[in-house]
Structure formats: structure tokens, C-alpha cells
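Okay, so here's the structure we're looking at.
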Amino acid sequence: MFLHEEQITCPFCWEIITLLVDPSESQTYTEDCSVCCQPILVNTDIQGDHITVRVAQEDLGF
Ligand SMILES: [Zn+2]
């Protein structure tokens with residue numbers, strides 16, 4: 001399986017980090033920031049080759 005690399009801005013510390021996204025299906029999950037270790041809510045929307053990634057603070061939601 002190939003993972004897609006997507007750069008996002010952490011909603012907690014505002015650092016730019018790289019997420020590895022599974023391009024096989026749209027999903028919502030929580031991933032800890034690699035810089036500040038806070039839980040980032042990640043939503044991926046897969047439309048063919050086009051991947052949209054949204055992030056939010058986990059306790060706030062989208
Ligand atoms: Zn962070």
C-alpha cells in the first residue's frame with residue numbers, strides 16, 4: 001500500500017508537519033502531532049487521485 005504524504009499545519013502549535021494518509025478510503029481518525037504530541041483530528045476525503053485533508057483540535061471537532 002502506498003501512503004500519500006500531506007503537509008498540514010498543526011491546529012495546536014501551528015508547526016507544519018507531514019501526515020501519511022491512506023489513499024484507499026476516506027476516513028476520520030486522531031493522530032498525535034509529531035511536534036507537540038497533542039491529538040489532531042484528521043479527516044481525509046479521497047476523490048480518485050485528489051486527496052483533501054482537514055485537521056482540527058480533537059476536542060473541538062470540525
Ligand atoms: Zn503540534
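The slack in the chain from N43 to E15, taken as 0.36 nm per residue of separation less the alpha-carbon distance, amounts to 8.3 nm.
The alpha-carbon atoms of the stretch 4-57 define a convex hull whose volume equals 61 cubic angstrom per residue.
Quick note: the coordinates plus some simple rules give every number you see, no bench work behind them. Everything numeric in this text was worked out from a predicted model, so none of it was measured.
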